[in-house]
Amino acid sequence: MTDKTYNGWTNYATWRVNLETFDGWDVNDLDSLTMGDNTNLHDQLKDYVEGLIYESGGGKGNRAVDYALAFLSDVNWYEISEHMIEDHKEEIKND
């Protein structure tokens with residue numbers, strides 16, 4: 001079994017999406033969040049990034065969109081959402 005972790009994250013895809021899309025975001029920046037429902041945040045993050053892909057690459061059936069979505073299928077959305085919630089909790093604690 002090979003270790004696929006990357007810079008402390010589950011894998012390269014998770015690290016890169018978090019770094020390039022969500023680094024520095026506050027969970028309050030997302031609409032309609034329920035802090036106690038991490039599944040909701042997980043889904044919102046995934047939907048947001050997929051929306052960015054469709055906006056910039058066209059629609060379904062576009063090869064670049066298909067490749068980008070395949071890359072996103074490796075992202076651990078739950079890990080990113082947990083990270084954002086923990087960062088938010090730290091900010092509240094330090095205020």
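The values are calculated or read from the model by the stated rules, or taken from the named source; none is laboratory data. Please read these numbers as outputs of a predicted model, since none were measured by experiment. Glycine also receives a Cβ, built like all others from the backbone with ideal geometry; neighbour counts cover every protein chain displayed.
Can you name every residue in the stretch 56-95 that is free of Cβ contacts under 8 Å to residues at least 24 places away in the same chain and among the aromatic types (Phe, Trp, Tyr)?
Correct list: Tyr67 only.
Residues that are of a type in the set (D, E, K, R), at pLDDT 90 or above and within 12 Å of the chain's Cα centre (by Cα): find the helices (runs of 4 or more DSSP H) completely inside the chain holding 3 or more of those.
Answer list for the chain: 38-57.
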